[in-house]
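Okay, so here's the structure we're looking at.
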Amino acid sequence: MKYDVAVIGGGPGGYVAAIRAGKLGLKTVLFEKDQLGGTCLNRGCIPTKALLKSAHLYWEAGHAKEYGIHAAMEPFDFSQAMHRKDEIVSQLRIGVKGLLRNSGVEVVHREAKLIDAHRIEADGTIWETENVILASGSKAVLPKGISDTAMTSDDFWSLAELPNSVVIVGGGVIGVEFAEMLSGAGCKVTILELAERLVAAADPDISEILFDLLEKKGVEIHLQARVTDCLPGEVRFETKEGASSLKCDSVLVSVGRAPYLSTESLEKLGIRCDRGKIRVNERMETSLPHVYAIGDLVAGPMLAHKASAEGLTAVQSIAGGNQMMRYDRIPQCIYTQPEAAWVGMSAQEAEQCEQADIFTYPIGHNGKSMADGEKTGFIRLISNRDTGEILGAQLVCSHASDMIGEILAAMQAEACIEDLADLISPHPTLCEGIMEAAAGICGRGIHTI
């Protein structure tokens, strides 16, 4: 049997691509060797957010006296929190299965291998297809020299008990979110980060706020720390001050992820790779006609929503459309408390751009934020001085991951900064800060100095 589209990988890029292809009437088969939903649904985005919710509630309950709430705290029920997480993941996984079935997509739970542009081998069977979308995702990296007893963010979900103390090697987005989650649940957490600041992908002032909020929650942070040895129950490292070591129950390594691919095998098929990833154009086409690649297999941030957008773009290309990826409009978020989110031009880039106007509205000036007891953070907008085009935004506040969508919608609709300044936002809300920041750029700010 010959298919119009064969997708290898059932993560947020692959299954979204398969559903869209099916809905367009293309005969589609999806290969997934593990669970539908990929890392995001089973071991990443969703599980961490579920456990972060539990940890945040636990933290708030223990620090609610100023709100008139006096709670007698019991130890964090890790087992119950994990049970809730499992139920959420299971429900969403069932939902994905149903969406694929209703879209007419055939799902094959086998490991698949690309033979050429029109053939896939799975468990000894050859499947023929007109087009292939490679979406096999990535795996957590465990560097050489790290003890086998250390765990990655993928391994964490097999824990039966919450450790009393954890050393997190790596202070990127994943490391920071795990530090937030574990410390909120009452665990002693230490971060060892090789770089000069946490979350190097963010602007420096965002990194500084994240550093301060984690320290206030009892997280010990060592920057410019190079791990020299990782043993069961002990991590040795070096900083500018010299060599040191830490005793701990568990070590969680969060230094990045690597794509599931063999560049050597792909190159032999005529698929060009660059720096360990597949090279594609803006239509997600590889150098081998009829073969597309998306998600963690290609350059750019390893984000579920990026993979989904790339999957939709690939299917549109297959169907004869002219859709192209816009990598300048991919938001990034950190689910700490408060959250952080950003999109487009950074503040650092804006400082080097003569045409860029920038305004930062302190979230502590916002009535809703004050009522919620959150005084740290900001909403910052960047626009083109000549055209009013919205070039970028950075937010540090509650619900930043949701609020960035309002700015994205304006960017997508090609609204100008004046349009955001003219918004009538409900009061009191955090969204008023977007209007205030835009009005500040336009010289019309009210609740700003």
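The values are calculated or read from the model by the stated rules, or taken from the named source; none is laboratory data. Small disclaimer: the values here were computed from a predicted structure and weren't measured. Virtual Cβ from ideal backbone geometry, glycine too; neighbours counted across all protein chains shown.
Within the range 136-152, does at least one residue satisfy the condition of being in contact (Cβ under 8 Å) with a residue 12 or more places away in the chain and farther than 30 Å from residue 232 by Cα? Let's see the steps before the verdict.
Within the range 136-152, the first condition is being in contact (Cβ under 8 Å) with a residue 12 or more places away in the chain, and the residues that meet it are 136-143, 145-147, 149-152.
From the residues that got through so far, the ones that are farther than 30 Å from residue 232 by Cα too are 136.
Looking for residues that are in contact (Cβ under 8 Å) with a residue 12 or more places away in the chain and farther than 30 Å from residue 232 by Cα, one finds at least one in the range 136-152, hence yes.
Just one of 422, 372, 357 is surrounded by fewer than 23 Cβ atoms within 10 Å (Cβ to Cβ), more than 17 Å from residue 337 (Cα to Cα), touching a residue at least 24 places away in the same chain (Cβ under 8 Å) and among the charged types (D, E, K, R); which is it?
Values: 422 fails: touching a residue at least 24 places away in the same chain (Cβ under 8 Å); 372 fails: more than 17 Å from residue 337 (Cα to Cα).
Matching residue, one of 422, 372, 357: 357.
Just name the residue that is farthest from residue 207 (Cα to Cα) out of those in the range 393-411 that are loosely packed, with under 15 Cβ neighbours inside 10 Å and small (Gly, Ala, Ser).
It comes out as 409.
Does the range 412-419 contain any residue that is β-branched (Val, Ile, Thr), touching a residue at least 12 places away in the same chain (Cβ under 8 Å), closer than 23 Å to residue 305 by Cα and surrounded by 14 or more Cβ atoms within 10 Å (Cβ to Cβ)?
So in the range 412-419, the residues β-branched (Val, Ile, Thr) come out as 417.
From the residues that got through so far, the ones that are touching a residue at least 12 places away in the same chain (Cβ under 8 Å) too are 417.
If we keep only those that are closer than 23 Å to residue 305 by Cα too, we end up with none.
No, every residue in the range 412-419 fails to be β-branched (Val, Ile, Thr), touching a residue at least 12 places away in the same chain (Cβ under 8 Å), closer than 23 Å to residue 305 by Cα and surrounded by 14 or more Cβ atoms within 10 Å (Cβ to Cβ).
Between 367, 443, 388, 433, which is farther than 16 Å from residue 339 by Cα and surrounded by 14 or more Cβ atoms within 10 Å (Cβ to Cβ)? Outline the logic, then answer.
Details: 367 fails: surrounded by 14 or more Cβ atoms within 10 Å (Cβ to Cβ); 443 fails: surrounded by 14 or more Cβ atoms within 10 Å (Cβ to Cβ); 433 fails: farther than 16 Å from residue 339 by Cα.
When all the criteria are applied, what remains is 388.
Tell me, which strands (runs of 3 or more DSSP E) lie completely within the range 232-277 with 1 or more residues that are over 22 Å from residue 141 (Cβ atoms), modelled with pLDDT of 95 or more and out of contact with any Ser or Thr (no Cβ under 8 Å at 6 or more places or on another chain)?
In the range 232-277, 234-239, 242-247 are the strands (runs of 3 or more DSSP E) which contain 1 or more residues that are over 22 Å from residue 141 (Cβ atoms), modelled with pLDDT of 95 or more and out of contact with any Ser or Thr (no Cβ under 8 Å at 6 or more places or on another chain).
Find all pairs meeting these conditions: Cβ atoms under 8 angstrom apart; at least six residues apart or on different chains; first residue within the range 119-131 and closer than 21 Å to residue 289 by Cα; second residue polar (S, T, N, Q) and surrounded by 12 or more Cβ atoms within 10 Å (Cβ to Cβ).
119/129; 120/129
List the number of the failed condition for residue 52; all other conditions in (1) closer than 21 Å to residue 5 by Cβ; (2) of a type in the set (A, V, I, L, M); (3) touching a Phe, Trp or Tyr at 6+ places or on another chain (Cβ under 8 Å) hold.
Of (1) closer than 21 Å to residue 5 by Cβ; (2) of a type in the set (A, V, I, L, M); (3) touching a Phe, Trp or Tyr at 6+ places or on another chain (Cβ under 8 Å), only one is false for residue 52: (1).
Would it be correct to say that residue 96 is under 28 Å from residue 271 (Cβ atoms) and in contact with a helix residue (DSSP H, G or I) (Cβ under 7 Å, 6 or more places away or on another chain)?
Working: under 28 Å from residue 271 (Cβ atoms): yes; in contact with a helix residue (DSSP H, G or I) (Cβ under 7 Å, 6 or more places away or on another chain): yes.
In short, yes.
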